[in-house]
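The values are calculated or read from the model by the stated rules, or taken from the named source; none is laboratory data. Since the structure is predicted, the reported quantities are computational estimates derived from the model, not experimental observations. Here the Cβ is made from the backbone with ideal geometry for all residues, glycine too, and neighbour counts use every protein chain on show.
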Amino acid sequence: MTFEEFFVRLLYPALVFILPSERWSAIYFATALLAAFYVYWRFAERGPDADATTAKQRGFLRFLFPKEIWTHPSARADYAFFVINKLLIIFVFGYFALGSETVAAWTGESLTRRFGESGEGWSSHWALSILTTLAVAAALDFGLWLSHYLFHKIPFLWEFHKVHHSAEVMTPFTAARVHPVEDVAAASLGALSAGLAYGAMGYWMGPAAHELTMFETNVVLIGFYFAAFVLRHSHVWLAYPVWLQHIFVSPAQHHIHHSADRAHWDKNMGFIFALWDWAAGTLIAPKEYQRITFGLGDRSGEEVAFRSVKGLYFRPFTNIEHKFLRPALARLSALFVAQHKDRQG
Ligand SMILES: [Zn+2]
Ligand SMILES: [Zn+2]
């Protein structure tokens with residue numbers, strides 16, 4: 001790594017607000033701001049002031065930046081974690097995640113070895129490009145959903161995912177409140193799924209399997225970022241029509257995902273598409289506005305332990321040690337003692 005590269009990487013936590021391939025880019029904040037204004041204008045009571053008249057008197061800025069949210073200890077932990085974690089991702093953790101290009105190349109080679117050289121493929125056509133783009137986006141999204149599902153359902157993985165759900169208030173920075181173990185696993189599963197799809201389509205269709213990209217990113221993903229994606233981690237409730245929430249995950253559906261209410265646990269685990277949740281029976285498509293309390297709720301009530309960078313990184317490990325490793329070791333040593341007694345007796 002040259003000094004120049006090192007310096008650019010050092011700026012990464014700030015670059016994510018500029019680079020259009022990053023979901024924190026200012027261009028996505030711009031469309032989210034427009035959407036937030038629409039919510040304020042139509043439903044001012046959805047902000048911190050439950051009364052629409054008071055909310056309108058206090059104005060849009062107060063609606064957008066309630067002090068009790070942006071200065072909450074949970075939000076302050078998010079800001080510090082954001083910078084430190086982005087640096088660790090660019091310098092360390094990023095190397096551990098699988099890349100979709102690698103998987104696509106490997107898939108193509110494996111198919112060639114198994115079934116022989118692929119033919120000339122199909123001639124390029126815009127419809128095939130759209131098909132490829134949709135298929136790759138769907139595959140990526142399914143990989144991310146599956147990772148999210150496993151992190152909810154497997155108890156020791158849930159200890160890592162708790163980091164994300166321990167947020168007591170949500171700001172756009174909360175989107176980065178993800179433990180590196182989960183970050184690497186989710187990125188790898190997404191890349192594996194997308195790479196398999198792209199590699200297989202490339203083998204089958206040849207150069208006609210062309211992924212449409214913008215800012216070197218699948219256009220479906222870019223379109224999704226533009227659709228007020230930033231609001232999914234915020235206090236601004238933006239829902240889509242119910243039928244559309246069966247296809248695309250709305251910001252409001254992700255608010256429900258973060259709800260402390262038992263009825264909402266393990267629901268709406270989708271990233272772009274709601275179809276996987278719909279199929280798995282874990283979809284909630286809200287018809288009306290609901291005031292949601294974010295956090296872990298009765299699931300563990302350990303939110304305070306996650307209000308620091310140290311807690312966000314290390315609490316999962318101490319939890320795993322106490323809940324899984326120590327009991328397992330205790331069982332193992334009891335077994336050993338019992339066997340030892342048997343032998344003696
Ligand atoms: Zn979230
Ligand atoms: Zn979750």
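Need pairs with beta-carbon distance below 9 Å; first residue touching a residue at least 24 places away in the same chain (Cβ under 8 Å) and more than 14 Å from R232 (Cα to Cα) and within region 260-276, second hydroxyl-bearing (S, T, Y) and within 13 Å of ligand 2 (Cβ to nearest atom); sequence gap 6+ or separate chains.
Close Cβ pairs (under 9 Å, with a partner that is hydroxyl-bearing (S, T, Y) and within 13 Å of ligand 2 (Cβ to nearest atom)) amount to W265/S259; D266/Y149; D266/T282; W276/Y149; W276/T282.
Test F63 against the stated conditions and say whether it is among the aromatic types (F, W, Y), buried (at least 21 other Cβ atoms within 10 Å of the Cβ) and within 16 Å of the chain's Cα centre (by Cα).
Judged against the criteria, F63 is not a match.
Let me confirm something: among I272, I284, I292, which residue is surrounded by fewer than 21 Cβ atoms within 10 Å (Cβ to Cβ) and touching a strand residue (DSSP E or B) at 6+ places or on another chain (Cβ under 8 Å)?
I292
So I154 clears everything in (1) touching a residue at least 24 places away in the same chain (Cβ under 8 Å); (2) more than 16 Å from ligand 1 (Cβ to nearest atom) except one condition, right? Which one?
It fails just one condition, (1).
What is the residue count in region 170-182 for residues that are away from ligand 1 (no atom under 12 Å from the Cβ) and surrounded by fewer than 21 Cβ atoms within 10 Å (Cβ to Cβ)?
Total meeting the criteria: 2.
Take the residues in region 1-54 that are of a type in the set (S, T, Y) and not in a helix (DSSP H, G or I), then tell me which one is nearest to K67 (Cα to Cα). Write out each step before concluding.
Residues of region 1-54 of a type in the set (S, T, Y): 2, 12, 21, 25, 28, 31, 38, 40, 53-54.
Remaining after also requiring not in a helix (DSSP H, G or I): 2, 21, 25.
Numbers: T2: 42, S21: 30, S25: 23 Å.
Filtering first and then ranking leaves S25.
Given region 253-345, what helices (runs of 4 or more DSSP H) lie entirely inside it while holding 1 or more residues that are modelled with pLDDT under 95?
326-344
Note down all Cβ pairs under 7 Å where the first residue falls in region 94-114 and is at pLDDT 95 or above, the second is crowded, with 17+ Cβ neighbours inside 10 Å and among the charged types (D, E, K, R), and they're at least six residues apart or on different chains.
Filtered contacts from region 94-114: no entries.
Name the residue that is nearest to the chain's Cα centre (by Cα), counting only residues in region 1-19 that are farther than 18 Å from N85 by Cβ and either crowded, with 16+ Cβ neighbours inside 10 Å or of a type in the set (D, E, K, R) (or both).
Top of the filtered list is E5.
So which residues in region 238-265 are more than 12 Å from ligand 1 (Cβ to nearest atom) and either hydrophobic (A, V, I, L, M, F, W, C) or closer than 22 Å to A187 by Cβ (or both)?
Passing the criteria: L238, A239, V242, W243, L244, I247, F248, A252, A260, A263, W265.
Mind telling me which of the residues V184, V163 ends up being outside any loop (DSSP other than H, G, I, E, B), within 16 Å of ligand 2 (Cβ to nearest atom) and under 24 Å from A97 (Cβ atoms)?
Among V184, V163, only V163 is outside any loop (DSSP other than H, G, I, E, B), within 16 Å of ligand 2 (Cβ to nearest atom) and under 24 Å from A97 (Cβ atoms).
Just one of G202, G206, G195, G223 is more than 16 Å from ligand 2 (Cβ to nearest atom) and surrounded by 23 or more Cβ atoms within 10 Å (Cβ to Cβ); which is it? Walk me through how you get there before you give the answer.
Details: G202 fails: surrounded by 23 or more Cβ atoms within 10 Å (Cβ to Cβ); G206 fails: surrounded by 23 or more Cβ atoms within 10 Å (Cβ to Cβ); G223 fails: surrounded by 23 or more Cβ atoms within 10 Å (Cβ to Cβ).
Answer to the selection: G195.
I'd like the residue in region 166-181 that is in contact with a Phe, Trp or Tyr (Cβ under 8 Å, 6 or more places away or on another chain) and within 13 Å of ligand 2 (Cβ to nearest atom) and, out of all such residues, is nearest to G94 (Cα to Cα).
Of everything passing the filter in region 166-181, H179 is nearest to G94 (Cα to Cα).
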